[in-house]
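FYI, it's all coordinate maths here, none of it is from the lab. The model shown is predicted, which means the values in this text are computed figures rather than measured ones. Virtual Cβ from ideal backbone geometry, glycine too; neighbours counted across all protein chains shown.
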Amino acid sequence: MHEAVFYLAVVWMTLLLGAGAFRVIHARGAPARILAVDMVVLILVGLLVLFSSANRTSLYLDAALLLAVLSFVTTVAASRFHAEGRIF
């Protein structure tokens with residue numbers, strides 16, 4: 001049962017990744033594109049966590065944590081730049 005749920009989660013996350021990539025390409029404005037890129041990165045973080053669980057190693061969890069923190073900082077910086085014209 002565990003493997004079926006795992007494969008279902010991988011398929012679902014892959015479909016969400018494709019939908020997110022479509023949204024990044026076809027977003028009309030910068031704010032929508034910023035949020036779509038953030039969504040795609042968070043889906044990638046989820047896939048890294050699933051991959052870490054499948055391989056039973058924590059190396060991918062470290063990569064997922066680093067990617068999540070980098071995504072957060074980048075989203076905040078891009079949003080502030082779009083709103084105020086400056087980052088700091």
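3J(HN,Hα) couplings calculated from phi for the stretch 29-43 with the Karplus curve 6.51 cos²θ - 1.76 cosθ + 1.60 (θ = phi - 60°) are, in sequence order, x, 5, x, 5, 5, 4, 5, 5, 5, 4, 5, 4, 5, 5, 5 Hz; Gly and Pro show x.
Residue separation of L16 and V76 scaled by 0.36 nm, minus their Cα-Cα distance, works out to 19.3 nm of gained length.
Projecting the Cα atoms of A19, L8, S58 onto the charge dipole of the chain, computed from C-beta unit charges around the Cα centre, puts A19 farthest toward the positive end. Over the stretch 2-84, Cα pairs under 8 Å with separation of 6+ residues give a relative contact order of 28 percent. Considering only L44, G29, A77, and ranking their Cα positions along the charge dipole of the stretch 19-88 that arises from unit charges at the beta-carbon of Lys, Arg, Asp and Glu, the one farthest toward the positive end is G29. Note on the chain: Rg/Rh from Cα positions, Kirkwood definition for Rh, rounded to two decimals, is 1.07.
Placing +1 on the Cβ of every Lys and Arg and -1 on the Cβ of every Asp and Glu, with no other charges, gives the stretch 2-84 a dipole of roughly 220 debye about its Cα centre.
The slack between H26 and L61, meaning 0.36 nm per residue of separation minus the straight C-alpha distance, is 9.5 nm.
If the chain linking V69 and A9 were pulled fully straight, counting 0.36 nm for each residue of separation and taking away their Cα-Cα distance, it would gain 19.3 nm. Between the helical axis of 59-84 and the longest alpha-carbon principal axis of the chain there is an angle of about 20 degrees.
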